[in-house]
1. Summing +1 for each Lys or Arg and -1 for each Asp or Glu, what net charge is found among the other residues whose Cβ lies under 14 Å from the Cβ of B:F42?
2. Taking loop as defined by DSSP and a crowding limit of 13 other beta carbons within 10 Å, which chymotrypsin sites (Phe, Trp or Tyr not before Pro) in chain B fit?
3. For the range A:97-241, rounded, prolate or oblate, judged on the Cα gyration tensor with a ≥ b ≥ c (square roots of eigenvalues), a/c < 1.5 rounded, else prolate if a/b > b/c?
4. Please give the calculated 222 nm ellipticity per residue for the protein assembly as shown, where each DSSP H segment of at least 4 residues contributes -39500 (n - 2.57) and the sum is spread over every residue; nearest 500 deg cm²/dmol?
5. Using the Cβ atoms and a cut-off under 12 Å, what net charge is assigned to the surroundings of A:Q34, where Lys and Arg are +1 and Asp and Glu are -1?
6. What is the extension gain from A:F244 to A:E86, computed as 0.36 nm multiplied by their sequence separation minus the C-alpha to C-alpha distance, in nm to one decimal?
7. Which pairs, out of A:K177/A:K202; A:K150/A:K179; A:K179/A:K232; A:K177/A:K232, put more than 19 Å between their alpha-carbon atoms?
8. How big, on average over all directions, is the shadow cast by the Cα convex hull of the range A:90-133, in nm²?
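Read-outs: derived from the displayed coordinates by stated rules, not from any lab. Predicted model only: the values in this text are computed from it and were never measured. Cβ placement follows ideal geometry from the backbone for every residue including glycine, while neighbour counts extend to all protein chains displayed.
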Amino acid sequence: MIQLTGQAVVARTLVLVLVGVIALGAVKLPIEHQLAAEHRQLHFRGVEFNLNLREQIGQLAFVAALSGFRSLVADVLFIQAHVAWERTEWGRVFLLFRQVTTLQPRAILFWDMAAWHMAWNASVAALNDPSQPRQALRIKAQREYFALGKDFLEEGIRNNPEKPQLYESLARLYKDKYKDHASAREFWAKDAALPGAPSYDKRFAAYELSYCEGREAEAYAELHRLYNLGEKERLPTLITRLKFLENKLNIPQDQRIPDPER
Amino acid sequence: MFLAIVALIFPDLQAFNLVDDVVAGTAIPLALFLRTAALGIFYTTIYTMLAAVVFYGKEL
């Protein structure tokens, strides 16, 4: 009789606890969903632990990353990538930086460094590759490395859309490597619009616009607007580009800016 | 169905995993930090109470 009562008490307790857990679940789920949505909005939780990552970083590193050592694994791989760069093993540099950026998609330095190695260092090495006698193939390889650098920066921007640094790097890549002034202008303008962007970005966006064929009037208006902001903006390059556009657009003499004092 | 039950019963500890973003220099908004801390206190209190109910009177 006593044992039966004891069982009933245990059963009642378990039912109570189960009801409590389910009620708790009903309360906590919306809060958890809201927090998760906020994390996604702030671009936290950028790493998905799936088979793709497992294949990229190997089993041991994957287990380490799962155990909460993701940033540590990324740092070790970054050091390995640096060593590979010193040995000019460009394929290995690329693979290691892919792993590093996959593990730490919110670290701007990794994206920027990866793009720099590909578009600036590996591309030059490919162009001067003594083992490839055909120039056309060397140029092709060079352009492939430009594209890899661009891919790193675009992916980095997708993961960090609120940070200005990668927009600037992409603008530089378009300007220096592709000689694509319209795209460089686009990314410098996007960069300039972000909070925390350097003050020179808006000028650089205007400079690039001044190199775009057919957009001289737009560039002139923008440079003139910057010029009118005051002495601080009247820097030598701005004045040079403005003078160039005044000549190109045949601006009347009385509307031109004064010649800089020598 | 199974995953829904798991989500209903177990706490989402991933909500507390902010260390990688802190390492990367990302600022955690104060409101988010306070809500996460409140969720932690909520989990601790409720699960401790449930554990107390289950283990009450047992010889441990």
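1. Value of the local net charge: 0.
2. Here the chymotrypsin sites (Phe, Trp or Tyr not before Pro) that fit, given the DSSP loop and packing criteria, are B:Y56.
3. oblate
4. Estimated from H runs of four or more residues: -21500 deg cm²/dmol.
5. 0
6. Values: separation 158, 0.36 × 158 = 56.88 nm, distance 4.33 nm.
Extra length from A:F244 to A:E86 when fully extended: 52.5 nm.
7. The answer is A:K177/A:K202; A:K179/A:K232; A:K177/A:K232.
8. Values: hull surface 11.9 nm².
If I average the Cα hull's projected area over directions, I get 3.0 nm².
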